[in-house]
Amino acid sequence: MASTFGGLNIMTLGMSAQQLSQNTTGHNVSNASTAGYSRQTVNLVTTTPQQIYTANGMSMAGTGVTTASITRARDFLVDTQYWQKNATKNYWSTQSDVLAKVETVFNDTTNTGIQNAMELFQTALGTLAGNPNETSTRTAAREAASALVETLKTSGDDLISQASDASTRIDTQITQVNSYSKQIAALNKQIVSQEATGATANDLRDQRDKLVDELSALTQVNVSEEKSGAYTVIIAGGISLVQGEHATELTVKHERNTPYGYDTTKVTALNGTINVNFKDGSIASLTTLRDTTINGYLADLDAMAQSLMQDFNTLHKQGQTNDLTAADNFFGESFGTASTVDDYATGGANDPTVQASPASWLSILKVNEDFYATDGLNLIAAAGASAAGTADGTNATVLKNWLVDDPSTASASLGKNSLSSYYSSIVSTIGVQSQQAQNVTTNQTVIFDSVATTRESVSGVSMDEELSNMIKFQQAYGACAKMLATMDSMLDSLINIR
Amino acid sequence: MRVTNNMLSNQFLSGYQTSLTRMTDIQEKVAASKNINRPSDNPVGAARNLQFTAASSTNSLFTQNANDAISWMKTSDSNLQTIVTNMTNIRTAVSSAISANPTTSYDAIAKQVDEMINTLVQCGNAKVGDRYVFGGQNDSAEPFTRDETTGVVTYNGTYNGQSGEATAGIITIQVVPGDISTSRDKINLDGSEVFGAIDTATGVPKIFQDLLDIKQHLVDIQTGANGVTADTLTNDLGTMDTDSDYIISGQTTLGAKQKSYETIKTRLESDALIIADDATNNDGFDVGKASIEMQLAENAYNTLLAVGANVLPKSLVDYL
């Protein structure tokens, strides 16, 4: 026999269950735009049935509803994919962003770059060859050379500052990594303690996943969930960034690159005992760009500077000055007037043409300062070795041709390329690199977007869904209340029996 | 697949980005009138573009060089013409002296020849700008000087074969690519190519020596000194013919060279158009095509906005 007031109890349970569901719907609607939020569902179960004895034996009578749990809609597998693709996408979008900037250094589409400077120098030398004894053509040749030197150096400086920028960004991003890993560790602690009771800490978990989302943009992360509910976050090289309540702090040490002098960074963990190398994500991207890409283009510019200091000078010295004396260096310093002439007579190290590589050719590249002295312009060797007078411009033509004609014997700096064709290969290399980075970024964004959509499809809040739930719960609540009233009136009937 | 409101708005935003990016791209191309605005727009095209700008600057250099060379050769040619005319005049004067004449006439002819030698020296010192054209590589000093008292003309310029240097007199201006060729790129005649071999001891060119001799003969014939007779003068006429031929042959060589430089100049000018055309084709920018692309992108953008505006604000709320 069921208890007299049992019905009232069932309806009370029902009403509170519907109310909780309605509240959760409200929570979902409120957080529809909260980043990282996943929709929550109240899972209702029936309460333990009551055994009652009837005339025909034992029966199980329902006793109402209760809340088994409140869960969030989330798929860990999709999350893992999301983190992986996010790292890849950010690797490439960073490549594409930085390469777009590097590209501007080698942009000659508006005739203002290195190519233009080389052409002006070439034209100046060609004009000098036709009018070797004129001050104006000599001045033009000197100034065009100086403009080429400046353009090369400015381009080098641009690359150096971009490399240093990359280091600054790496520094900032490591700070972010440290902050994220600390927050994740703190959330791990809270989640573990809250879930010890058996409940699921939905909102805290959402926050933690959001932090991993942010972290995965910076570097590839390998996340696994412990039995306790804590996340273990491992980055490339097997370094566990977060384990339980513990976060590993990464430290950045700044260094100076040799020979170009831009800032580099060295990231270490555990008091500098372990070097951290990142994989994927923007940090790895910036590191590669700085150490390989930008450094490589700096080396290319350096090779161009080297060829001017060595190959061009060698040819220049084969000519004669306007006074028909042996010529000296065009770039760098005069062989004869260098401040530390100890082996000048034997053709030693003070001569750039035989000198062992300095740290950076680009840094010592300049037009011979003697050209700016009184009558210094006469030192430009326009005349060939066999010239008998000032009207000979053979050597100027040789120098002009050197700029554009591929040499038959490979040079130490440019191989079998002329300065002009070497530069044009740099331009096509950066072009292909940047174009490829843009294309891969587009592809990776599509892939990432599809994973993000899948995740949104699983976890996202749908207003229409929530509103139809709202009506469902509203009606259920109303029905429960009506039942309660009916039961009350039944009891009333019972009590008023006379 | 379960669709949520956020998915709609995300998709709208990414479509909006794509659409605007496309419009920006087209706008950039239209603004610059170029398809290739940075190497990554078309790496191969960008590298080819460098070749075209290099070709174009080489072309304008060579065109300028050709102009310089032609002006040099024109000056040379007109002066050579005067020299040839003068040589003919001298010959006429000398031949008029061969028939029996009064002695005063010999003096007059000798003075005439002397004066004409001065004209030859003037022509020999012809200049383009401040450069002497017949001085070989020594273009800044007057190549021919005449001693006021002795009347001897000496050459101060350089000439081929001087001090064993085979190319000492050559001035080159390059108008075709490649290494310098002293035969192909030579634009001048040095003093010895105009007035004959230079005496290494005295520095006197052969033709001037001949003319001075003739002048002396015209003086000597009056007294019969040094055995000068009318026959000597007849021989001198033969010498003058040889000398004139020498000068004319130099003039012809230079004329042929000038013609070839003019041909090259014409070719360079038409090449400039071809290079400009190639560069435009390489870039491949087409205003018509760009405006159609712009129109399409604009349509897509408008549609996106219209659809977004209709779909995004609606939910069940509107109907409850």
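Where a number appears in this text, it was derived from the coordinates with a stated rule and is not lab data. Only a predicted model underlies this, so the values are computations on that prediction, with no experimental measurement involved. Methodologically, a virtual Cβ is constructed for each residue, glycine included, from the backbone with ideal geometry; neighbour enumeration extends over all protein chains shown.
Restricting to DSSP loop positions (anything but H, G, I, E, B) with no more than 12 other Cβ atoms inside 10 Å of their own Cβ, which trypsin sites (Lys or Arg not before Pro) remain in the range B:130-193?
Nothing satisfies the criteria.
Against chain B, whose longest principal axis is taken from its Cα atoms, helix B:230-283 shows a tilt of about 0°.
Entry note, chain B: relative contact order of 26 percent, from Cα contacts under 8 Å with a spacing of 6+ residues. According to the calculation over all Cα-Cα pairs in the range B:44-193, the P(r) per 5 Å bin from zero is 2, 8, 13, 15, 14, 12, 9, 7, 6, 4, 3, 2, 1, 1, 1, 0, 0, 0 %.
For the pair the range B:137-195 / the range A:262-338, the C-alpha centres are spaced 45 Å from each other. Let me know the charge dipole size of the range B:1-147 about its Cα centre in debye, to the nearest 20, where only the beta-carbon of Lys, Arg (+1) and Asp, Glu (-1) is charged. So the magnitude is around 1020 debye. Note on A:Thr409 and A:Thr135: the model spin-label points, each 7 Å out from Cα along the C-beta direction, lie 4.0 nm apart.
Quick check: the distance between the Cα centres of the range B:15-64 and the range A:57-110, to the nearest angstrom? Each part's Cα centre sits 38 Å from the other's. Could you work out the helix-only [θ] at 222 nm for chain A, with each DSSP H run of four or more residues adding -39,500 (n - 2.57) and the total divided by the number of residues, to the nearest 500 deg cm²/dmol? Per the formula, -18500 deg cm²/dmol. Applying the Karplus relation 6.51 cos²θ - 1.76 cosθ + 1.60 with θ = phi - 60° to the range A:114-126 yields 3J(HN,Hα) values of 4, 4, 4, 4, 5, 5, 5, 5, 4, 4, 4, 5, x Hz, where x marks Gly and Pro.
Mind telling me which of B:Ile26, B:Ile83, B:Ile264 comes out most flexible in a GNM of chain B, alpha-carbon contacts under 10 Å? In this elastic network of chain B, the residue with the biggest mean-square fluctuation among B:Ile26, B:Ile83, B:Ile264 is B:Ile26.
Annotation for A:Asn43 and A:Thr442: the two label points, set 7 Å from Cα along the Cα-Cβ direction, are 4.5 nm apart. The angle separating the long axis of helix A:202-218 from the principal Cα axis of greatest extent in chain A is about 10 degrees.
Seen from all sides and averaged, what is the projected area of the convex hull of the Cα atoms in chain A, in nm²?
Computed as one quarter of the Cα hull surface, the answer is 35.3 nm².
Pairwise alpha-carbon distances in the range A:386-461 exceed 18 Å for 67% of all pairs. Amide H contacts of A:Glu249: A:Leu270, each under 5 Å away and 5 or more positions distant or on a separate chain (H built 1.01 Å from N in the peptide plane; Pro and chain starts excluded).
Ranking of A:Thr4, B:Thr4, B:Thr63 by neighbouring Cβ atoms within 10 Å, starting from the fewest: A:Thr4, B:Thr63, B:Thr4.
If you take each beta carbon of peptide A:111-124 and count the beta carbons of other chains within 10 angstrom, what is the mean? Provide the component values of the computation, followed by the final result.
On the way: counts 4, 0, 1, 1, 6, 4, 0, 3, 8, 1, 0, 4, 5, 1.
Mean inter-chain Cβ contacts per residue within 10 Å come to 3.
Give, as a single signed number, the net charge of other residues whose beta carbon lies under 15 Å from the beta carbon of A:Ile426, with Lys and Arg counted +1 and Asp and Glu -1. It would help to have the intermediate numbers written out before the result.
Details: positive: B:Arg38, B:Arg48; negative: A:Glu103, A:Asp108, A:Asp158, A:Asp300, A:Asp302.
It works out to a net charge of -3.
Shown for the range B:1-70 is the translational diffusion coefficient from the Stokes-Einstein equation, using the Kirkwood radius over Cα pairs, a temperature of 20 °C and a viscosity of 1.002 mPa s: 132 µm²/s.
Cβ crowding within 10 Å, taken as a proxy for footprinting-reagent exposure, orders A:Leu218, A:Leu379, B:Leu20 from fewest neighbours to most as B:Leu20, A:Leu379, A:Leu218. Taking amide H as placed 1.01 Å from N in the peptide plane, the amide H of A:Lys279 sits under 5 Å from that of A:Gln220, A:Ala236, each at least 5 places away or on another chain. Rounded to the nearest 10 degrees, the inclination of helix B:206-223 to the longest alpha-carbon principal axis of chain B is 20 degrees. When we measure straight from the Cα of B:Lys186, which aspartates and glutamates land under 15 angstrom away, once same-chain ones fewer than 8 places off are left out? Candidates past the 8-residue exclusion: A:Asp392, B:Asp68, B:Asp77, B:Asp139, B:Glu262. Highest GNM mean-square fluctuation among B:Leu218, B:Leu80, B:Leu273, for chain B modelled with Cα contacts below 10 Å: B:Leu273.
I'd like to compare A:131-139, A:409-417: which one has the highest average count of other Cβ atoms within 10 Å, and what's the full order after that? Can you show the working numbers first?
Details: A:131-139: 20.1, A:409-417: 14.8.
For the peptides A:131-139, A:409-417, the packing ranking is A:131-139, A:409-417.
Using C-alpha pairs below 8 Å separated by at least 6 residues, the relative contact order for the range B:78-127 is 57 percent.
A simple rule links phi to the HN-Hα coupling: the Karplus curve 6.51 cos²θ - 1.76 cosθ + 1.60 with θ = phi - 60°, which for the range B:169-183 gives x, 8, 10, 10, 9, 8, 10, 10, x, x, 5, 5, 10, 5, 7 Hz, with x for Gly and Pro.
For peptide A:424-430, the mean count of partner chain Cβ atoms within 10 Å of a residue's Cβ comes to 5.
Over chain A, calculate the relative contact order: mean separation of alpha carbon pairs under 8 Å at least 6 apart, over the residue count, as a percent.
Averaging sequence separation for qualifying contacts and normalising by length gives 22 percent for chain A.
Pairs spanning more than 30 Å between alpha-carbon atoms, out of A:Lys182/A:Lys266; B:Lys34/B:Lys259; A:Lys89/A:Lys266; A:Lys317/B:Lys74; B:Lys111/B:Lys259: B:Lys34/B:Lys259; A:Lys317/B:Lys74; B:Lys111/B:Lys259.
Near the amide H of B:Glu165, within less than 5 Å, lie no amide hydrogens of residues on another chain or at least 5 residues away, with H placed in the peptide plane.
The mean number of partner chain beta-carbon atoms within 10 angstrom of a residue's beta-carbon across peptide B:31-41 is 6.
Can you tally the net charge around A:Arg290? Count Lys and Arg as +1, Asp and Glu as -1, for every other residue whose Cβ sits under 11 Å from the Cβ of A:Arg290.
Numbers: positive: A:Arg169; negative: A:Asp165, A:Asp263, A:Asp291.
Summing Lys and Arg as +1 and Asp and Glu as -1 gives -2.
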